[in-house]
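*Asks:* Supplied in structure tokens, the structure appears directly below.
Read the figures in this text as sums done on the coordinates, not as results from a lab. Since this is a predicted model, take the numbers as computed values, not measurements. Positions of Cβ are backbone-derived with ideal geometry, glycine not excepted, and every protein chain shown enters the neighbour counts.
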Amino acid sequence: MADQSTTRAFMMSRAEIEDAWNAHYFRAFPHECAGREVDGVCLTACDTFLAGCISDFVENGTLDPERTRIVSRVCADLERVMPLLSGDAQRYFSELLALGKALEVRANAR
């Protein structure tokens, strides 16, 4: 469970999440990550699942319980592998993880 300072770091309004998502959406997926697994985590799948959940949130303003579980699972996977990433991959997935964590905070605030 995140402490209060971590939770505050990921508190974003729906508009802030949408703005951050729009900026991230146009970033190129790091070519070195295509089909790559790190510590048993498929980075392409993390990107796909989290992107779908973020897009759904931006469109609808909420996540259903299944998507909330997906976000939590993918965030946990990314948190585990982030120390193993570097360069473009680290920057790309760091941004994606921050968006996922912001969705988690909003979902848990309900």
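*Asks:* Ignoring everything except DSSP H segments at least 4 long, calculate the 222 nm mean residue ellipticity for the chain; use -39,500 (n - 2.57) per segment, divide by total residues, nearest 500.
*Replies:* -22500 deg cm²/dmol
*Asks:* Tell me the net charge near C42. Cut-off is 12 Å between Cβ atoms, C42 excluded, with +1 for each Lys or Arg and -1 for each Asp or Glu.
*Replies:* Neighbourhood net charge equals -3.
*Asks:* If we sort 101-108, 44-51 on the protection proxy, mean other Cβ atoms within 10 Å, highest first, what's the order?
*Replies:* Output ranking for 101-108, 44-51: 101-108, 44-51.
*Asks:* How big is D for the range 56-96, in µm² s⁻¹ as a whole number, if Stokes-Einstein is applied with the Kirkwood radius of its Cα pairs at 37 °C and 0.692 mPa s?
*Replies:* So the translational diffusion coefficient is about 287 µm²/s.
*Asks:* Consider just the alpha-carbon atoms of the chain and return their Rg together with their Dmax, both in angstrom.
*Replies:* In Å, with Rg to one decimal and Dmax whole: 13.1, 38.
*Asks:* Amide H neighbours of V38 under 5 Å, at least 5 residues apart or on other chains, H built in the peptide plane: list them.
*Replies:* Close amide H contacts, sequence-distant or interchain: L43.
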